[in-house]
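Participant: Got a structure for you, questions after.
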Ligand code: F6R
């Protein structure tokens, strides 16, 4: 059932445009956002959002923390579920407890949810599997409608989670009155463009395939970005690690000078996310610093950047979240093509399981 694709991961990358459209049906309306699963009472008495998740779902969580603070104006913090469990967390009832999970079965995330329930917090799960342990337990469930994800490396689960969270941040913003109508309409317009942005252009895929041959060795990769492109960098690095077994780290671009830049040399590969609509000049100067130290640099950007060794040109888009989704596809394709060249089993990477139901 790979429908002519070489791997399920490839099929699932290509499916993202359609599943994201499905995930918006009945939610993204003409002039507003609506979720049948919840209503405005979800925010009654709530001052803060706390999110727990693991792996790729954790990266969606970090991405959303920027959106909840920027758009909904609600304080939001995010924790890896396995850390949260044993730190004797302080839980107060003015916190909406959110868990994000593709499977709804991840042991650490499930346990975090149980702890929050026990402490009497309102809980919400963003999940892809209906009737999973987490959806049975949480007070509210929003399904991501990504369909079955077979590749161990998560792709469409992440894009649908991120879209749901973006819509949710706007829904909360509307309830709280923290967004003006003009900004809301601008955000909704951008949301409508997401499925189009996720269509995989054959030229872009071919570019990633050709470039992949230059990135099969070296002593490590740094994926760098700022704002929501930082969790996207984490996700790019995780994808590469999982299926290529190369060492990769995601890093906030502005932090490189506080240590990691010491590693820079031609064998250190920097994959720089340089969106036009989010802190372009800042990331540019971070990349210039790495270039001056001879790191080999691959930039992903709609704007030409003369210092890069390799360049993946993305479309000019009006909203940074649209750039986020296009760059996500680039990172997924790049890691998949590197893995294929290395002769790995893309769908069944060593040492990994699709659902981690043990601690
Ligand atoms: C990465 C990946 C894992 C999962 C993590 C959480 O590609 O698939 O990191 O994201 O195990 O799983 P869920 O979302 O099912 O809780």
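Participant: When 203, 313 are ordered from fewest to most other Cβ atoms inside 10 Å of their Cβ, what list results?
Facilitator: 203, 313
Participant: Report the residues of region 88-110 in range of a label on residue 178: point 7 Å along Cα→C-beta, backbone N strictly under 20 Å from it.
Facilitator: The answer is 91-100, whose backbone nitrogens lie closer than 20 Å to the label point.
Participant: Write down the Kirkwood hydrodynamic radius of region 20-77, to one decimal in angstroms, obtained as one divided by the mean of 1/r over all alpha carbon pairs.
Facilitator: Its Kirkwood hydrodynamic radius stands at 13.1 Å.
Participant: Could you give the Stokes-Einstein D for the chain in µm² per second, using the C-alpha Kirkwood radius, 25 °C, 0.890 mPa s?
Facilitator: In µm²/s, the coefficient rounds to 119.
Participant: Here's another thing I want to ask about it. Residues in region 334-359 near a label at residue 148, defined as backbone nitrogen under 15 Å from the 7 Å Cα→Cβ point?
Facilitator: Under cut-off, by backbone N: 354-355.
Participant: Report the full-extension gain for the segment residue 201 to residue 247: residue separation times 0.36 nm, less the Cα-Cα distance, to one decimal in nm.
Facilitator: Here the segment from residue 201 to residue 247 would lengthen by 13.8 nm.
Participant: For region 114-223, just list the percent of Cα-Cα distances falling in each 5 Å bin from zero outward, please.
Facilitator: For region 114-223, the pair-distance distribution reads 2, 9, 12, 14, 16, 15, 12, 10, 6, 3, 1.
Participant: For each of 98, 200, count neighbouring Cβ atoms within 10 Å of the residue's Cβ, then give the residues from fewest to most.
Facilitator: Ordered from fewest to most neighbouring Cβ atoms within 10 Å, 98, 200 come out as 200, 98.
Participant: Let me ask another. Extension gain residue 48-residue 267, at 0.36 nm per residue separation less the Cα-Cα distance, in nm?
Facilitator: Stretched out fully, the residue 48 to residue 267 stretch lengthens by 74.5 nm.
Participant: Subtracting the Cα-Cα distance from 0.36 nm times the residue separation, let me have the gained length for residue 36 to residue 18 in nm, one decimal.
Facilitator: 4.4 nm
Participant: Points 7 angstrom from Cα along the Cβ direction at residue 276 and residue 348: gap in nanometres?
Facilitator: Output for this residue pair reads 4.4 nm.
Participant: Kindly list the residues of region 254-288 that lie in the label zone of residue 294, defined by a backbone N under 11 Å from the point 7 Å along the Cα-to-C-beta vector.
Facilitator: Residues 264-268 qualify, since their backbone N sits under 11 Å from the label point.
Participant: Go through 71-78, 154-161, 188-195 and give me the packing order, highest mean Cβ count within 10 Å leading.
Facilitator: 154-161, 71-78, 188-195
Participant: Taking neighbour counts of Cβ atoms within 10 Å as a proxy for exposure, in what order, fewest first, do 83, 235, 12 appear?
Facilitator: In order of increasing Cβ crowding within 10 Å: 83, 12, 235.
Participant: While we're on this one: Determine, from the Cβ-Cβ distance of residue 303 and residue 118 and an R0 of 51 Å, the FRET efficiency 1/(1 + (r/R0)^6), rounded to the nearest 0.05.
Facilitator: 0.55
Participant: Pairs of Cα atoms under 8 Å, at least six residues apart: use those to get the relative contact order of the chain, whole percent.
Facilitator: 19 percent
Participant: Restricting the calculation to Cα positions, tell me the Rg (one decimal) and the Dmax (whole number) of region 271-338 in Å.
Facilitator: Expressed in Å, the Cα Rg and Dmax of region 271-338 come to 11.7, 33.
Participant: Taking the C-alpha atoms of region 187-244, how large are the radius of gyration and the largest Cα-Cα span, Dmax, in Å?
Facilitator: When restricted to Cα atoms, region 187-244 yields Rg and Dmax of 14.4, 42 Å.
Participant: Which whole number of Å³ per residue matches the convex hull of the alpha-carbon atoms in region 169-288?
Facilitator: 148 Å³
Participant: Rounded to the nearest 500 deg cm²/dmol, what is the calculated helix-only ellipticity per residue at 222 nm for the chain, with -39500 (n - 2.57) per DSSP H run of length n ≥ 4?
Facilitator: Calculated from helices alone, the mean residue ellipticity at 222 nm is -13500 deg cm²/dmol.
Here, each number is a calculation from the coordinates, and none is a lab measurement. Note that the coordinates shown come from a computational prediction; the quantities given were computed from them, not determined experimentally. With ideal geometry, Cβ positions are generated from the backbone for all residues, glycine too; neighbour counts draw on all protein chains shown.
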